[in-house]
Amino acid sequence: MTMTTAADRRAQFRARIADRDALLIAGAFNAMSARVIEDTGFEAVYLTGAGVTNMSFALPDLSFVGLHEMSEQTARVRDAVSLPLVVDADTGFGNALNVRQTVRTFERCGADAIQMEDQVLPKKCGHFEGKKVIPAEEMVNKIRAACDARDDENFQIIARTDAAAVHGMDDAIERAHLYAEAGADVLFIEATETRADIERLPALFDIPLIINVVIGGKTPTLSQSELADLGYGLTLYANAALQSAVCGMQRALTQLRDDGRLDEDPEIVAPFAERQRLVNKPLFDELSERYADKH
């Protein structure tokens with residue numbers, strides 16, 4: 001995907017989702033993980049609130065981060081990558097007026113879309129037990145506020161409902177229709193627990209759906225090609241990078257503890273040169289030479 005301006009990037013991303021071929025989007029928890037996602041060849045990146053909470057604070061996904069932390073991370077990720085960027089905005093961090101400020105803030109920080117859910121604040125991870133949802137009418141007003149607040153009409157609003165776990169799938173479907181009518185660009189029915197529901201949902205709506213594949217979570221895992229055949233717009237792996245990073249740290253540090261040394265084994269640790277490549281060290285060497293005092 002060739003990018004020039006933010007407006008071009010957003011327009012192309014909207015068109016890409018509209019293809020409904022289950023575009024894979026991987027979740028980042030900081031700028032470096034976003035850089036790895038881009039370097040690996042993904043076409044878009046998702047800044048995960050759960051990931052920021054887990055990796056920056058070592059806390060569970062229970063509303064411990066807010067607009068300040070997420071907007072700061074958004075700006076850092078935008079500086080690190082050129083990919084389309086979807087940001088997890090949780091509940092919008094308050095009521096409709098807060099949502100207005102949330103959208104304005106994330107758009108200024110370089111996001112191309114936000115995902116906002118209908119849980120009661122403080123929210124929980126979509127695959128936790130004990131969730132509660134706000135009235136559908138309140139979420140409708142939040143979506144309307146989000147749509148009114150954006151400067152770029154291609155800044156997309158992803159409306160998520162967690163109602164399936166609270167009131168059942170029929171209520172989640174009804175809410176999703178209301179959210180689409182309110183102006184949502186993409187729909188997100190969280191924690192879909194059966195393959196039958198996964199298969200029937202995309203055909204029920206005129207706008208694209210995102211499916212969230214939580215590794216070890218409640219949603220059955222289908223391949224991207226299967227989800228593309230069903231007509232999903234996006235396939236989200238929000239915390240694949242996080243869980244693999246934790247696994248990698250555990251493996252490497254266990255070996256260091258047990259052996260008393262750790263060598264540059266690419267099966268265990270990224271080589272020193274690879275780490276410098278990913279943080280653009282050669283570019284800064286070149287710039288240092290360019291701006292050096294020649295006298």
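Just so you know, all these numbers are worked out from the coordinates, no wet-lab data involved. Please read these numbers as outputs of a predicted model, since none were measured by experiment. Every residue, glycine as well, gets a Cβ built from its backbone with ideal geometry; the counts of neighbours run over all protein chains shown.
Points worth noting:
- Given charges at Cβ of Lys, Arg, Asp, Glu: region 87-214 dipole, positive-most of ALA191, LEU121, ASN212: LEU121
- For the chain, the C-alpha radius of gyration sits at 1.05 times the compact-globule guess of 2.2 N^0.38 Å, with N the residue count.
- Distance between the C-alpha centres of region 211-255 and region 36-68: 13 Å, rounded to the whole angstrom.
- Pairs of Lys residues in the chain, spaced 8 or more positions apart or belonging to different chains, with C-alpha separations under 28 angstrom: 13 in total.
- C-alpha long axis of helix 281-290 to longest principal axis of the chain, angle in °: 60
- Whole-Hz ³J(HN,Hα) from phi, Karplus 6.51 cos²θ - 1.76 cosθ + 1.60, for region 120-129, glycine and proline x: 6, 7, x, 7, 10, 3, x, 10, 8, 7
- For region 171-295, the alpha-carbon radius of gyration amounts to 1.67 times the rule-of-thumb value 2.2 N^0.38 Å expected for a compact globular protein.
- Residues of region 21-49 with an amide N closer than 15 Å to a point placed 7 Å from the Cα of SER244 along the Cα-to-Cβ direction: 24-30, 32-46.
- Förster-model FRET efficiency, 25 Å R0, ARG275 and GLU72, C-beta, rounded to 0.05: 0.60
- Cβ charges +1 (Lys, Arg) and -1 (Asp, Glu), total dipole of the chain, debye: 540
- Under the combined filter of DSSP loop state and at most 10 neighbouring Cβ atoms within 10 Å, region 201-295 retains these trypsin sites (Lys or Arg not before Pro): ARG261, LYS294.
- Rounded to 10°, Cα long-axis angle of helix 67-80 versus longest principal axis of the chain: 50
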